[in-house]
Every structure is written in structure tokens, then in C-alpha cells.
Amino acid sequence: MTTNNGQLLIDKAPGMTSHDVVDRVRRVLGERRVGHAGTLDPMASGLLILGVGPSTRLLRFEQAQVKRYGGQVTFGVATDSLDADGEVVASTTVPTLEVDVVNAAAQALLGERLQTPPMVSARKVDGQRLYALARRGVEVEREARPITIDRFTLSATSDPTRWDFDVTCSVGTYVRVLLSDLAEGLGTIGHLSALRRLASGRHEVRDAWTLEALEVAVSEGREVLGAPVSFVDDLEKVTASADAIARLRQGQRVALDVEGRGEIAVVDEDGALVAVVVARGEVFKPELVMPTEITKR
């Protein structure tokens, strides 16, 4: 069997949903099995990581990666969604802001903290999306989630109400909430007016395809997918013998020359991903096995 299989990095344009991107890639590759990790809102642009073919089963390994974003915050105006897609709910005069003062306020937000998801978000409460409840004018209690802000810096623009920012944060961080908190710390209000995902884990947007460039590359027969093993770069790896690989493909437990006790990526002598296994006593049980005779498009 020959099919598309692997990792695809896309530079999403603003105005599209992440699902729009998936649909377009399905058409371009002629492959129904396409999924993504780490949803980007329609107003946002930047890096979206896709799994294609059997590699959609590996997307979970990209979900917990640290993210880096760049963008712009507008002070003096608040919206109901905390971003530019929402309705303006308040406005005020912006105090004179100095670079050192703004960045000192940003530094105060570094480290581990709890963050409450906004009502206009895809989080579920009692099985319902928060944004669906918000559209009906319903506001519910939301559980605060732990997040980590590793880096947060801002620089002034020619417009004193608009500041560029660069933030590195844990998965699950709502940047618009972070910027709203920053505005409050500066004695004003504000909202997210532009957002671009620059990196997710080790992946950077500069290595991603635009959808237009992807279409051209595929039409020319060029390779566009990364190897499935790219999804598990953060796992410990072990090269297995042909006999062990055959047994893993049959769902059997095997002995491996590795000391790790978490999830382990098993590769063949060519470095191709065979399986992800976990320790069970002195042997390893296959949790996920990649199909045989797969080639990348």
C-alpha cells in the first residue's frame, strides 16, 4: 500500500479556521486522513502542525509543546472576546507608557500562574463550548488552569496605543487573557489586535509551507511531508531487531535494550518509526504501531 504519511508544517493565513486548512490540505494531497495539533483562531496566522495519513495517530505528541507567539496589543480599547474579532465594550485614554515600565509589568507575569479561560473560547463546560454559551449571552464559572510564561517582551510602535509583543508560553495559554492582564497591570484596558504563532516546540514557522506554495510543490511532485518519526523527536529512541519489529507488529511484548520507563520510540535500522512502546515489567508493550509498506508522498 502506498499513501501519504507524515508531518506537514503549514503557515496559516489569517481569516481561515484551522479546519479550513485541514480541508484544503485534504484536497491538495488527495488524502482524507488529515488532522492538526494546536488550534489557531481565525484571526491568527502562523505555524499549524498537521499529521497526514497514519501519522494522524501521532498528533498527540505535538499537543504539549511550548509555543512562541508574536503579535500586537492595542491599549485603551477592550472587547468582549479580548481580541480584535470581538465587539468593543469599553474605551479609555491610554496613559503615557514607557518601554521599561511596560516590560517591567510583563516581567511580573512570568513563571507559573493560574489563568481562567475566556468565555469566547473552545473550552467545554458540561459538554458545551464556551463560545456557544457566550453567543447565547450565558456566562458560566470556568476552572482556572495552570500555565507558564517563560518569556514576555514588548516594544513600542509609532502608535502609542499599539505595542508589539513576543511571548513564549506553555500549551493552553490564552495570549489574549495575558495581554488583558498586562493592560490592567498598567492601569488601562486592552485587547489582542494581531497574533502569529512563530514556533511550537522545535518547529518554526519559517520552515512551514503556505497553502499556495504547498499546492505548487505537490503539482511538481516535490516532497512536502516530514517523516513520521518527526512527531516523537522528544521521546527516547531505541533501534530494534527485525525479529522484535515483527513481534511488535503482531501486538506482542518484546525485550529492548533501553532503560527508559516512559514512552519509548522504536525505530528500524533506517531510523523509520515502527512503534511507541511502554514498559511492562521487564518487557515493552506496543501502544501504537505504524503500518508496514508505507511510503511518503
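Testing Ala242 on (1) farther than 29 Å from Leu9 by Cα; (2) in contact with a strand residue (DSSP E or B) (Cβ under 6 Å, 6 or more places away or on another chain); (3) of a type in the set (A, V, I, L, M), one condition comes back false. Which one is that? Just one mismatch for Ala242, condition (2). Is there a residue in the stretch 250-264 that is in contact (Cβ under 8 Å) with a residue 40 or more places away in the chain and not aliphatic (A, V, I, L, M)? No, the stretch 250-264 contains no residue that is in contact (Cβ under 8 Å) with a residue 40 or more places away in the chain and not aliphatic (A, V, I, L, M). Screening the candidates Glu263, Glu259, Glu269 for the property of being among the charged types (D, E, K, R) and in contact with a Ser or Thr (Cβ under 9 Å, 6 or more places away or on another chain) yields one hit, Glu269. What single numbered condition from (1) in contact with a His (Cβ under 8 Å, 6 or more places away or on another chain); (2) modelled with pLDDT under 95 fails to hold for Thr39? Going through the list (1) in contact with a His (Cβ under 8 Å, 6 or more places away or on another chain); (2) modelled with pLDDT under 95, Thr39 breaks only (1). For the stretch 209-249, what are the residues that are part of a helix (DSSP H, G or I), farther than 21 Å from Gly46 by Cα and free of Cβ contacts under 8 Å to residues at least 40 places away in the same chain? Ser219, Ala242, Asp243, Ala244, Ile245, Ala246, Arg247, listed by residue number. Residues in the stretch 209-221 that are under 21 Å from the mean Cα position of the chain (by Cα) and β-branched (Val, Ile, Thr): Thr210 alone.
Scanning the stretch 255-287 for residues that are within 19 Å of Val229 (Cβ to Cβ) and not in a strand (DSSP E or B) yields Leu256, Asp257, Val258, Gly260, Gly262, Glu263, Asp268, Glu269, Asp270, Gly271, Ala272.
The residue that is surrounded by the most Cβ atoms within 10 Å (Cβ to Cβ), counting only those in the stretch 278-293 that are β-branched (Val, Ile, Thr) and more than 12 Å from Ile245 (Cα to Cα), is Val278. Kindly check whether there is at least one residue in the stretch 250-262 that is closer than 17 Å to Leu50 by Cβ, not assigned by TED's automatic domain parsing to the domain that holds Ala37 and not charged (D, E, K, R). Checking the stretch 250-262: not a single residue is closer than 17 Å to Leu50 by Cβ, not assigned by TED's automatic domain parsing to the domain that holds Ala37 and not charged (D, E, K, R). Considering the stretch 63-106, the residues that are in contact with a Ser or Thr (Cβ under 7 Å, 6 or more places away or on another chain) and among the charged types (D, E, K, R) include one that is modelled with the lowest pLDDT, namely Glu87. Within the set Arg176, Arg196, Arg206, the sole residue that is of a type outside the set (A, V, I, L, M), under 20 Å from the mean Cα position of the chain (by Cα), not in a strand (DSSP E or B) and not assigned by TED's automatic domain parsing to the domain that holds Ala44 turns out to be Arg176. Considering only residues in the stretch 238-286 that are acidic (Asp, Glu) and over 24 Å from Glu31 (Cβ atoms), the one that is modelled with the lowest pLDDT turns out to be Glu259.
The values are calculated or read from the model by the stated rules, or taken from the named source; none is laboratory data. Source: prediction; values computed, not measured. All Cβ positions, even for glycine, are placed from backbone atoms using ideal geometry, and neighbour counts span all protein chains on display.
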